[in-house]
Amino acid sequence: MKNYLVACLVALSALVSVSAHAQSAIPMAPARNDALFQALGGKPGLQALMDLFVAGLKADKRIGEQFKDTKASYLSEQLVDQVCMATGGPCKYEGADMKTAHAGMGITKGNFNALVEVLQASMDARNIPFATQNQLLALLAPMHRDIITAK
């Protein structure tokens, strides 16, 4: 099931056609309403999800090494603000755009898919409904263009 969701995420992202400038802005632009933000449990729900997600990233045998020197609380805070803003919440993400943040990191499609799998497992652990998971993944999917930098 998780591989199916990863495949759907990658396929969905390939269908999204936006300019290079807009690609970077997609996760930063506030949503038109906060329904997804609320469905994810508001800021407390996002904080719990991102704390679990970051812990999962650091522990994952496939990609954990990439996060070994990353301060978990800082990454979680940045992700909360980014996802909060993207889902219509009241937060303001002030971090780097995805292209800048991941430049030179050599992230492969396999690395990206592993990260998505950890996010899905984190959402499952938080009992986030499947439809809500798909909404969030569809919103974040276009970021792959700016994150994957290696073959």
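The values are calculated or read from the model by the stated rules, or taken from the named source; none is laboratory data. Not measured: the values here are computed from a predicted model. Positions of Cβ are backbone-derived with ideal geometry, glycine not excepted, and every protein chain shown enters the neighbour counts. Just so you know, the surface numbers come from the protein's heavy atoms only, side chains and all, with ligands and any DNA or RNA stripped out. Shrake-Rupley method; radii C 1.70, N 1.55, O 1.52, S 1.80 Å.
Going by the structure shown, is Ala114 part of a helix (DSSP H, G or I) and touching a Lys or Arg at 6+ places or on another chain (Cβ under 7 Å)?
For Ala114, the condition - part of a helix (DSSP H, G or I) and touching a Lys or Arg at 6+ places or on another chain (Cβ under 7 Å) - is met.
Name the one entry in Leu15, Leu5 that is open to solvent by 50 Å² or more (accessible area, probe 1.4 Å), at pLDDT below 85 and either touching a Pro at 6+ places or on another chain (Cβ under 6 Å) or not polar (S, T, N, Q) (or both).
One residue alone meets the criteria, Leu15.
Where residues in segment 135-149 are part of a helix (DSSP H, G or I) and open to solvent by 60 Å² or more (accessible area, probe 1.4 Å), which of them is modelled with the lowest pLDDT?
Arg145
Name every residue in segment 30-78 that is assigned to a loop (DSSP other than H, G, I, E, B), open to solvent by 60 Å² or more (accessible area, probe 1.4 Å) and either under 18 Å from Gln135 (Cα atoms) or hydroxyl-bearing (Ser, Thr, Tyr) (or both), in order of residue number.
Pro30, Arg32, Asn33, Asp34
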